[in-house]
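What follows is one structure encoded as structure tokens, with my remarks underneath.
The values are calculated or read from the model by the stated rules, or taken from the named source; none is laboratory data. Everything numeric in this text was worked out from a predicted model, so none of it was measured. Methodologically, a virtual Cβ is constructed for each residue, glycine included, from the backbone with ideal geometry; neighbour enumeration extends over all protein chains shown. All accessible areas refer to the heavy atoms of the entire protein, side chains included, with ligands and DNA or RNA removed. Shrake-Rupley method; radii C 1.70, N 1.55, O 1.52, S 1.80 Å.
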Amino acid sequence: MLKKGYVLVATPNIIGDFYFHRTAVFLVDSSEESIMGFIINKKLDYSLNEVTNQLKKIFPLYYGGPVETDSLFFIYNSKIKLRGTIQVSEDLCWGGDFDEVIKLINNNKISNEDIKFFLGYSGWSPTQFKAEIREENWEIIKNINLDLVLSNKTEDVWKNYLKSIGGKYLIWSNSPENPNHN
């Protein structure tokens, strides 16, 4: 069964998909009604500071997925304690009081390595997701790597997850963005 805290890794079967090509999606919810997560390796060309002027530091902003792209979401290390926190795994949480996050960032209590901000999220109905699994569009990683989930060095996240799966995906981990350029 799919559980929150898992990571979905896009397989080469969805090369060219506008939203999910070469992505890793961290799941924050999985129920009988829906599956929800955030693409952790698609950094946007602008920062959180361009969305809100309350921050004293620059924080990258990520494309979380094609649903509610005008809404801001965040995941963070569970050592950070916030009102409204939703525990995802032993090490990671999501949601909580945004004003409290801003205050903690400005008081140097939260760094770039502790938190990741997203515009939008990725979501599936269970039926839709089962169809995508049958089409072999995703590999499911059960033992997440906290460093990869919160990493700001996104260019190698998908590649490193494919390497961890190994087998038939190993060759794809070293392929160029567009395999026709090989």
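Tabulated results
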read-out: Karplus 3J(HN,Hα) series, Hz, for region 60-77 with 6.51 cos²θ - 1.76 cosθ + 1.60 (x for Gly, Pro); value: x, 10, 10, 7, x, x, x, 9, 6, 5, 9, 10, 9, 10, 8, 10, 7, 4
read-out: Segment I58-Q128, length gained on full extension (0.36 nm per residue, minus Cα span); value: 21.5 nm
read-out: Normalised contact order of region 58-159, rounded percent, pairs of Cα under 8 Å and 6 or more residues apart; value: 35 percent
read-out: Note, ³J(HN,Hα) from phi for region 17-26, Karplus 6.51, -1.76, 1.60, rounded to Hz, x at Gly and Pro; value: 4, 4, 8, 10, 4, 6, 10, 10, 10, 8
read-out: Backbone HN-Hα couplings from phi across region 78-93 [Karplus 6.51/-1.76/1.60, Hz, Gly and Pro as x]; value: 5, 5, 7, 9, 10, 5, x, 4, 10, 6, 9, 9, 4, 9, 10, 10
read-out: Accessible surface of the chain [probe 1.4 Å, protein heavy atoms]: carbon and sulfur percent; value: 47 percent
read-out: Å² of accessible area per residue within the chain, as computed with a 1.4 Å probe and no ligands counted; value: 53 Å²
read-out: Spin-label pair D97/N143, simplified geometry with 7 Å Cα→Cβ offset, distance in nm; value: 3.7 nm
read-out: The chain: calculated mean residue ellipticity at 222 nm from DSSP helix runs of at least 4, using -39500 (n - 2.57); value: -5000 deg cm²/dmol
